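No value in this document is a laboratory result; all are computed from the given coordinates. For clarity, every value in this text was computed on a predicted model and none was experimentally measured. A quick note on method: Cβ atoms are made from the backbone with ideal geometry, for glycine too, and the neighbour counts reach across all protein chains shown.
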Amino acid sequence: MEAQSTVEKAVDVLFHLHAEPRACGVTAIGHRLGLSKSSTHRLLTALSRRGLVEKDDRGRYRPGIGLVALGVGALDREPVVVAARPVLEVEAQALGETVFLVAARAGRIIVLDKSEGEGFLRAAPRVGSTVPVHATAVGKLYLAFGNGSIEAPADELTRFSEETITDRAALDAAVARVAERGFAENSDEWILGLSVVAAPVVATVSNPRMLAALAVAAPTPRMKSLGCDEMGRRMMAAAARVAARFEGVAR
């Protein structure tokens, strides 16, 4: 097997630090990635000079502010993010809950943007986070409307809670219902106490396809009071506004 390039090793370090909830020392990073301590130190030093990683007061490493700048710059160049941001802000303010823009990227479902409401979801999930397919409203949307851009896990379906769908036939039935209704929901399936209603953002001009999904997340009792069907209609209307704005941005 050809040895990894320095660039690949540096990228591995960045992804490792992104996934870790706490700062990590040089030895721990090298051990996890199969790198020598000296190689790990050289990589971290180079990344530090560019602000992509930074050290805490105990000499441990965490993602740096340079990554934020790169990430924001990339998102600001995404036409669907540009198109969706005003709609996210309007819906979040009107509902008092957090509204997310989520899309398929490289076979995964990623949070691209969000506008925070006043509820307990102000910090999670974060922009850049990956969300599971079978246990989320957005995942079911992609299985229903994504034309194969996202597939259900090939292995056993992970159980996140007692409400998680872990049976293939039940997942197929849920996806069929999404296709019929035009929107998706999940209640306590991924995170206990969290309910989500999501609708697809679909381009209709030039190259018809699902661009992303718009999702409102709220504590389960709050979502029940808002009404799932009502939120489904609201998200579908908001998603249509995003698609219309995208078609103007993308032309």
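Using only the Cα atoms, work out Rg/Rh for the range 108-194, with Rh taken as the Kirkwood radius, to two decimals.
Taking Rh as the inverse mean 1/r over Cα pairs, Rg/Rh reads 0.96.
Computed from point charges on the beta carbon alone (+1 for Lys and Arg, -1 for Asp and Glu), the dipole magnitude for the chain about its Cα centre is near 880 Debye.
Modelled spin-label separation between residue 49 and residue 207, with each label point placed 7 Å from Cα along the Cα-to-Cβ direction: 3.9 nm.
With the convex hull constructed from alpha-carbon coordinates only, the range 92-239 shows a mean projected area of 8.4 nm² over all directions. Relative to the compact-globule estimate of 2.2 N^0.38 Å, the Cα radius of gyration of the range 160-242 comes out at 1.15.
With N set to the residue count of the chain, report its C-alpha Rg divided by 2.2 N^0.38 Å to two decimal places.
Here the Cα radius of gyration is 1.11 times the empirical estimate.
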